[in-house]
């Protein structure tokens, strides 16, 4: 049984290292994905702003044409003032000219507001483009810097997989099944822990005296009554 416990402890160390490497590789992958996401967001922002600016320029062009048309109407009405014969017609033309001028003032205000928005949008695009360039450079730099590290970790994982297969073949099938079940219960954590001075190192709870005595004889597999981990005797 001692050899079986040693096999399980070795398997546990392998699994712990594999988990650590996989977590690290996942962290690298998530970091690179986050950079890609930020780049995509900047690109989307630029495209949206460009579309918005194009629409605003189109609106500005329309307002400018309306302004010119109204200015022509104003000039025409002002010419007509010279030939009117009644006060009523004169007042009507004056009112029409005033309304056209007010409308043109509104057009000019709207155009000014749009031009300010266009300027703000162009500044935003410029900043986003610079940010996107910096992010792209960072991404490429980090891809190169982590590639060697990633290759090394993946090579180590392949080696660990081979060691895991070897130790798994050495373990008793029923014991291996128990080991995997206990690991799953403890979120892939330690399934095999020592008991020292009658205390389980997994949960720090005292082992019953009779069980602890049997544990020292190492004749059968024992589970901690509290945490249900596989326990083995480790001399203090």
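Details
- At R0 = 30 Å, FRET efficiency that the Cβ-Cβ distance of residue 13 and residue 33 yields, to 0.05: 0.50
- Using R0 = 35 Å, the C-beta based FRET efficiency linking residue 81 and residue 116 works out to 0.45.
- Multiplying the residue separation of residue 150 and residue 220 by 0.36 nm and removing their Cα-Cα distance gives an extension gain of 21.0 nm.
- Computed from Cα positions, the angle between helix 87-170 and the longest principal axis of the chain comes to roughly 20 degrees.
- Each residue, residue 98 and residue 20, gets one label point 7 Å from its Cα in the Cβ direction; the gap between the two is 8.7 nm.
- Theoretical ellipticity at 222 nm over the chain - DSSP helices of four or more residues, -39500 (n - 2.57) apiece, nearest 500: -29500 deg cm²/dmol
- Residues of the stretch 1-31 with amide N under 20 Å of a point placed 7 Å along Cα→Cβ from residue 172: 1-13
- Option label - Kirkwood radius over Cα pairs in Å computed here, alternatives [x] 18.1; [y] 20.9; [z] 25.7: [z]
- Against the chain, whose longest principal axis is taken from its Cα atoms, helix 2-81 shows a tilt of about 0°.
- In degrees, nearest ten, helix 173-185 long axis to first principal axis of the chain (Cα): 40 degrees
- If R0 equals 41 Å, the separation of the Cβ atoms of residue 141 and residue 52 corresponds to a calculated FRET efficiency of about 0.80.
- The gain in end-to-end length when the residue 129 to residue 88 segment is fully stretched comes to 8.7 nm, 0.36 nm per residue minus the alpha carbon separation.
A short reminder: the numbers here are calculations on the coordinates, not readings from a lab. Just so we're clear, the structure is a prediction, and the values are computed from it rather than from any experiment. Ideal geometry is used to build each Cβ from the backbone, glycine not excepted, and the neighbour counts take in all protein chains shown.
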